[in-house]
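Notes for the one structure printed next.
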Amino acid sequence: MSTRYGEIVKAGLWDQNVVLTQMLALCPAMAVTTSGTNGLGMGLATTAVLVLSNMAVSSIRKLLSPQVRIPVFVVIIASLVTLVDMTMRAYLHDLHKVLGLFIALIVVNCAILGRAESFAARSAILPSAVDGLAMGLGFTGALTAIGLVREFLGAGTLFAQASSLLGPGFAFLELTLPGVGGALLVILPPGGFAVLGFMLAGKRLLENRRSDAPTPTVATDSPPVTA
Amino acid sequence: MRHDSPATPEPMTAAGADAAPGAGFRERIGYQPVLLGVVALLASGALALASLLTHDAIAAAEARDLRESLTRVLPEGLADNDILTDVIEIPRGDTSVTVYRARRNGRVSAVVFQVSERGYAAQIQLLMAVDADGRTLGVRIIKHSETPGLGDKIEPAKSDWAQGFAGRSLDDPAPAQWAVKKDGGVFDQFAGATVTPRAVVRAVKGGLDFFAAHREQMLGDGS
């Protein structure tokens, strides 16, 4: 069984990465990645919901009827997001002020519905939880990377205001490059598309180089990559 | 909005529970509405319970937030009362503005209220404190959606631009100079962003006008 968990983790982090391979959840991936901190925050909040929703869906998978499964998933996911939102607002209020906007956006993250449909509805609870965690962390990684690139090129900082998200202990992450104004375009929406395009191209390149043969991943019908 | 199912096949789950035998009850037409209903009922129950449990904590946290914002715009030592409970509502346009009053020895020494003005992207909301003589004590942006990297310099965390309003009143500078430098006024604009500081200057000026128009009511004891 251990190899299978390894596969799940590897799929979530790299092979089936939500953003970079499945090309899902591009709406939050573009909208909030104006800085590394934002990407990280959105990613972590999504990961929490993803793990919970995968476990919830998996636990009732034997009762699901194929015809009404989608509405059931939607109800479960929307309720979980609201629960997380209320809990954070009550007990993690400062974090909620930073992430508040993103949490509502998680509802429309189709990656969560996608994992419920394609994994959790067909797997036991523990693998589903692992899958949610791995997919969520892969999503977090992709968002943080996009955010850092955009922040660095656009504003000349790295992890600005990380301490307001992670606590004052993480202030060392915050870097400001003196004298670098940055190109505003990278922060604006077109920059999000451009940076994502370069990242997709980079990931393909890396995979192609690793195995000289064409990559065995499913994503050979690659969408046009803007560069 | 985007509830498309993923296009990628899942390598580890070729079969899928849909086709599992011995699950005939799930195909029955009567089962489906019951399933959906029960799930919806459980979900609403959980939400109602969570709402009940978190209600007080949320209210307390929000009050703490408000108190913190209020103390940030008010210089220390101006108030010896509980500002949060000493409020009056004054109509302004279609809505009413909540005015928080800071008292020292029973007399109103300053008032804090919220003003908003349309910025580049959406409404900019700010909290301003005005002392009894009509001078601005502090201005703090509490909500905005201005362009990151350009208009967001109005945030206290990004630049101290908003502190430039401290001490200003309706006749300092003269009414014609209550504008950004580009428009012949005294307040700085930012490189690449004029709309945002223009809106904030207009909001603060509007707030001072509002204070002047309701001065008696704000400083008086009636509530």
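The values are calculated or read from the model by the stated rules, or taken from the named source; none is laboratory data. Owing to the predicted nature of the structure, the values given are computational and were not obtained by experimental measurement. For neighbour counting, all protein chains shown are included, and Cβ atoms are generated from backbone atoms with ideal geometry for every residue, glycine included.
Do we have A:VAL75 as β-branched (Val, Ile, Thr) and under 30 Å from B:GLY30 (Cα atoms) here? Against the criterion (β-branched (Val, Ile, Thr) and under 30 Å from B:GLY30 (Cα atoms)), A:VAL75 qualifies.
Checked against the criteria, A:ALA78 counts as under 18 Å from the mean Cα position of the chain (by Cα), part of a helix (DSSP H, G or I), within 11 Å of chain B (Cβ to nearest Cβ) and not polar (S, T, N, Q). Selection over segment B:154-183 of residues that are buried (at least 21 other Cβ atoms within 10 Å of the Cβ) and within 14 Å of chain A (Cβ to nearest Cβ) gives a count of 0.
Here B:ASP18 passes the criteria (1) in contact with a helix residue (DSSP H, G or I) (Cβ under 9 Å, 6 or more places away or on another chain); (2) at pLDDT below 80; (3) outside any helix (DSSP H, G or I) except the one numbered (3). Within segment B:70-100, no residue satisfies the criterion of being surrounded by fewer than 16 Cβ atoms within 10 Å (Cβ to Cβ), touching a Leu at 6+ places or on another chain (Cβ under 7 Å) and at pLDDT 85 or above. Scanning segment B:108-152 for residues that are within 25 Å of B:ASP86 (Cα to Cα) and free of Cβ contacts under 8 Å to residues at least 60 places away in the same chain returns B:SER109, B:ALA110, B:VAL112, B:GLN114, B:GLN125, B:LEU127, B:ALA129, B:ASP131, B:ASP133, B:ARG135, B:ILE141, B:LYS143. For segment B:109-136, a residue qualifies if it is of a type in the set (A, V, I, L, M, F, W, C) and crowded, with 21+ Cβ neighbours inside 10 Å, and the qualifying residues are B:ALA110, B:VAL111, B:VAL112, B:PHE113, B:VAL115, B:ILE124, B:LEU126, B:LEU127, B:MET128, B:ALA129, B:VAL130.
Among the residues making up segment B:46-77, those that are in a helix (DSSP H, G or I) and more than 30 Å from A:ALA78 (Cβ to Cβ) are B:ARG67, B:GLU68, B:SER69, B:LEU70, B:THR71, B:ARG72, B:VAL73. Does segment B:34-41 contain at least one residue that is surrounded by 13 or more Cβ atoms within 10 Å (Cβ to Cβ), at pLDDT 85 or above, in a helix (DSSP H, G or I) and under 37 Å from the mean Cα position of the chain (by Cα)? Yes, that holds for at least one residue. Evaluated against (1) part of a helix (DSSP H, G or I); (2) buried (at least 17 other Cβ atoms within 10 Å of the Cβ); (3) without any contact (Cβ under 8 Å) to a residue 60 or more places away in the chain, A:ILE146 falls short on exactly one condition, (3).
For A:VAL98, the requirement of being within 8 Å of chain B (Cβ to nearest Cβ) and surrounded by fewer than 20 Cβ atoms within 10 Å (Cβ to Cβ) is not met. Checked against (1) outside the structural domain of B:VAL200 (by TED's automatic domain parsing); (2) of a type in the set (Lys, Arg); (3) crowded, with 17+ Cβ neighbours inside 10 Å, B:ARG103 passes all but condition (1). Does B:MET128 meet the test of being within 19 Å of B:LEU70 (Cβ to Cβ) and either part of a helix (DSSP H, G or I) or of a type in the set (D, E, K, R) (or both)? Judged against the criteria, B:MET128 is not a match.
When restricted to residues that are part of a helix (DSSP H, G or I) and either more than 7 Å from every other protein chain (Cβ to nearest Cβ) or of a type in the set (S, T, N, Q) (or both), segment A:48-69 contains 15.
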